[in-house]
């Protein structure tokens with residue numbers, strides 16, 4: 001173990017003078033107060049307004065479902081809320097910048113100089129980050145009215161939040177860093193990237209943890225600690241879940257990949273010198289106690305990994321396997337030849353099934369001239385034994401599972417590879433792999449089953465389909 005702290009950590013006392021000063025600074029001169037619009041048209045409130053089309057949205061631009069609402073953040077720093085039953089708009093809020101107005105216009109038609117993340121819903125708040133050319137903010141609005149509740153701006157000059165906020169261990173987390181960013185290949189350390197934790201109710205910063213810029217940074221939440229991989233110092237750091245205090249440090253064991261009990265599982269998929277290991281090679285998996293950083297077990301396993309239901313699932317271009325997360329003991333392994341680069345595309349894992357694309361059938365058809373127009377086989381494996389439960393052939397290449405329930409697997413396949421905007425969504429019976437229906441939907445759609453309906457969200461789009469027929473609900 002390494003007892004010293006590798007980088008700066010600051011704890012801000014909620015309700016103290018420091019927090020109060022920071023809150024006052026954050027509220028001064030950055031955004032104009034919101035005056036939300038509450039109706040998009042003259043429809044009665046119970047009349048269907050599907051489908052939803054969100055203007056001016058650029059990637060990622062995917063609406064987020066939470067409770068009885070759908071929420072989006074789009075070009076021009078506009079937040080919108082829609083009713084999940086009817087699709088009718090509830091409110092729309094434009095976040096207006098009022099300091100240094102010449103440096104960026106969030107209301108420009110093309111959204112020039114403005115970047116906005118997809119929203120995160122926490123309790124009664126909708127939270128997003130908005131970045132202009134030289135600064136940015138983390139902002140929360142009321143989920144029912146769209147009126148601004150709090151905002152936060154970094155105290156460092158020309159800094160801004162960078163990632164979509166995440167809610168873990170009762171805290172709202174994001175990172176911040178310099179804007180505009182310097183080119184990563186200059187070799188210059190131009191500042192600090194900082195992991196920041198906030199009280200979601202008030203927007204007050206609780207703690208932060210900084211590290212040198214452009215050196216690689218990843219983190220994952222465990223109930224006992226936030227585990228941070230800091231490649232600038234080649235260390236893994238455990239931060240107290242509530243205070244951000246450094247609990248422990250150790251030499252790097254890779255990046256966090258999943259949680260099991262008291263443990264955090266880490267994967268090091270790099271070769272000596274930092275190069276990414278080929279997907280057919282083995283990677284080092286280490287299980288550490290999140291609260292102390294002590295190693296529970298460590299072994300080399302084949303390929304990419306993920307943790308589900310007490311099992312560690314590993315895969316390469318040649319094989320699939322499952323290990324016991326508590327001990328690292330191999331439970332089963334099976335050979336499967338897959339096309340290079342598809343070993344971790346769109347797999348879905350439940351307590352019973354591992355559903356994934358079997359590109360070995362593509363290779364067997366014509367290994368030298370595979371085209372997206374060929375068929376794709378999607379298979380389901382029993383997670384306990386690795387035995388195949390069923391397989392279904394989809395008449396398009398590059399098909400991937402997108403969502404799974406107790407009854408249905410939703411599989412998507414592009415209608416036109418490389419240049420179309422639509423894809424085919426298949427409803428597949430989870431018991432035997434039979435296809436129930438097929439429906440054309442926007443590209444990169446995310447199906448979310450809900451009762452007798454399936455909510456479809458895509459870039460700047462949302463719609464609902466009947467669960468049993470795939471017909472749009474109107």
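Some points to look at:
- Extreme residue, nearest to residue 77 (Cα to Cα), among residues of segment 131-146 that are touching a helix residue (DSSP H, G or I) at 6+ places or on another chain (Cβ under 9 Å) and not in a strand (DSSP E or B): 132
- Residue pairs meeting the criteria (Cβ under 7 Å; at least 6 apart or on separate chains; first at pLDDT 95 or above, in segment 186-202; second surrounded by 18 or more Cβ atoms within 10 Å (Cβ to Cβ) and assigned to a loop (DSSP other than H, G, I, E, B)): 197/244; 198/204
- When restricted to residues that are on the phi > 0 side of the Ramachandran plot, surrounded by 18 or more Cβ atoms within 10 Å (Cβ to Cβ) and under 23 Å from the mean Cα position of the chain (by Cα), segment 284-338 contains 1.
- For residue 146, the conditions (1) at pLDDT 90 or above; (2) farther than 20 Å from residue 93 by Cα all hold with the exception of (2).
- Test for residue 462: is it farther than 22 Å from residue 73 by Cα and touching a strand residue (DSSP E or B) at 6+ places or on another chain (Cβ under 7 Å): no
- Of the residues making up segment 148-157, those that are touching a strand residue (DSSP E or B) at 6+ places or on another chain (Cβ under 6 Å) and surrounded by fewer than 24 Cβ atoms within 10 Å (Cβ to Cβ) number 5.
- Some residue of segment 129-137 being at pLDDT 85 or above and either surrounded by fewer than 20 Cβ atoms within 10 Å (Cβ to Cβ) or closer than 13 Å to residue 197 by Cβ (or both): no
- Members of segment 451-474 that are loosely packed, with under 14 Cβ neighbours inside 10 Å and at negative phi: 452, 468, 469, 471, 474
The values are calculated or read from the model by the stated rules, or taken from the named source; none is laboratory data. Since the model is a prediction, treat every value here as computed from it, not as a measurement. Quick reminder, even Gly has a Cβ in these numbers, built from the backbone with ideal geometry, and neighbours come from all protein chains shown.
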